[in-house]
Amino acid sequence: MIELQGLTKRYGDKTAVDHLTFTVRPGVVTGFLGPNGAGKSTTMRMMLGLDNPTSGDVRIDGKHYAQLSEPLKYIGALLDAKAIHGGRTAYHHLLCMAQSNRIPRHRVDEVLETVGLSAVAKKRSKGFSLGMGQRLGIAGALLGDPEILMFDEPVNGLDPEGIHWIRNLMKGLAAQGRTVFVSSHLMSEMALTADHLIVIGRGRLMADTSMSDFIEKNSRSYVRLRSPQREQLKDVMAKAGHTVVETADGGFEVSDGDAATLGELAAKHQLVLHELSPQRASLEEAFMQLTAESVEYHAHGQVGGPPVGGPGAPARGAAGQPGAPAGAPPSAGSPYGGSPYGQSPYGPSPYAPGQAAPQGQGWQQPQQGGQGAPPQAPPAPPNAPEWGAQWRDQGKKKGH
């Protein structure tokens, strides 16, 4: 069991963790969620004595981590899969950990077999992929056969088989009565693994509840219906006291009734249903709803678009386009309403956007001096010195 009481951590005027109080209980997988910068990693580091709290207390089975004489036998943790000596083999990395906590040597072979790294036990860890490093870190957490396990982003870098394996491993450990505490940003995977959730935002506790209660309280569930007899179905639902919301595709959403009740009501009035489907919110939707005001880092704009204001954005010219010279009119024929670089030296295109030039003709500048006038050539670029000329002896044409 892990117990936190008023746990607080400040870095100068920045409060990373703000009076956190909760208990991680045995027998269930407890998910630890929060946006980036919420204080999850700092909290887990304080649990393991890697960071000292500014105030508050955290205990592992009633003791501070520093009071555990052989800590790997009490709590196993994976916080950083790359926190290993790259020159050591997987076997010797685990053997060093085992000897420091008086763990039998045979346990190293057992955990390597458990995580599927027996075939590479004699290889140096610096050549491991991210997924193999994750497996080695999990092996280190399991080494002392502890009653408490902590994992920070355990599925990072794992392939689908590895994700399925670690999910079942955590569930199996909890079923044995162990305490399993896992932090992850993969909501879909957390929804399949965790039984209980602890959610923090900006260092403060936001939720400490079961998975089902969290989704129910922080999201909207409804039943979706579609019928060729739209008006009759709407009237029947309204007379029965249900609130019906029409959708753009001609369906209905009813949030104050279950699918079985609504289906029986339609059948009673001999109404044909093309769709009757309960729509349940996902963990991701519920999480986004709860933490919307606690997200510290927001992304803006869209990929490939020009910067919108701020440092580095091109100055707007008088024509309203980035970089356009003052008084420059938009380029006619541009499907985007004007060139961002001002007028082309070739003049506007004589063809509509998307229209190809006639066969055998190239693109030509419209003439003002009558038909048949030769097109004007574009201005030649200024002469630039040859690269490297400043290092050459011009008499011998060699570098000096």
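Stretch Leu68-Ser100 to full length: gain in nm at 0.36 nm per residue minus the Cα-Cα span?
10.2 nm
Say each of Asp57 and Arg230 gets a label point 7 Å from the Cα, pointing the same way as Cα to Cβ; how far apart are those two points in nm?
Output for this residue pair reads 6.5 nm.
Could you list log10 I(q)/I(0) for the range 167-285 at q = 0.13 Å⁻¹, which the Debye formula gives when each Cα is one point scatterer?
Computed log10 I(q)/I(0) values: -0.67.
To the nearest 0.05, what FRET efficiency results for Glu216 and Thr23 with a Förster distance of 22 Å applied to their C-beta separation?
Efficiency, rounded to the nearest 0.05: 0.50.
So what's the gap between the Cα centers of the range 143-181 and the range 34-64, to the nearest angstrom?
If we compute the Cα centre of each part, the gap is 20 Å.
Could you work out the percent of alpha carbon pairs in the range 2-216 separated by over 24 Å, rounded to a whole number?
Within the range 2-216, distances greater than 24 Å cover 42 percent of Cα pairs.
If only Cα atoms are counted, what is the Rg of the range 219-289, and what is its Dmax, in Å?
Cα only, the range 219-289: 12.5, 40 Å (Rg, Dmax).
Ordered by packing density, taken as the mean number of other Cβ atoms within 10 Å over each peptide's residues, highest first, how do 30-40, 256-266 rank?
The packing order, highest mean first, is 30-40, 256-266.
Here is the link list: Lys126/Lys171; Lys82/Lys123; Lys40/Lys82. Which ones come out longer than 22 Å on Cα distance?
From the list (Lys126/Lys171; Lys82/Lys123; Lys40/Lys82), the Cα-Cα distance tops 22 Å for Lys126/Lys171.
If you stretched the chain out fully between Lys268 and Ala119, how much longer would it get, using 0.36 nm times the residue separation minus the C-alpha to C-alpha distance?
Full extension of this stretch gives 47.2 nm more.
How big is the charge dipole of the range 2-216 about its Cα centre, in debye rounded to the nearest 20, if each Lys and Arg gets +1 on its Cβ and each Asp and Glu gets -1 on its Cβ?
Charge dipole of the range 2-216: 800 debye, to the nearest 20.
For each of Tyr74, Tyr11, count neighbouring Cβ atoms within 10 Å of the residue's Cβ, then give the residues from fewest to most.
Tyr11, Tyr74
Sort 186-196, 137-147 by the packing proxy (mean of other Cβ within 10 Å over each peptide's residues), most packed first.
Top of the packing list down: 137-147, 186-196.
FYI, it's all coordinate maths here, none of it is from the lab. Predicted model, so just to flag it, every value in this text is computed and none were measured. Heads up, the Cβs are rebuilt from the backbone with ideal geometry, glycines too, and the neighbour counts pull from every protein chain shown.
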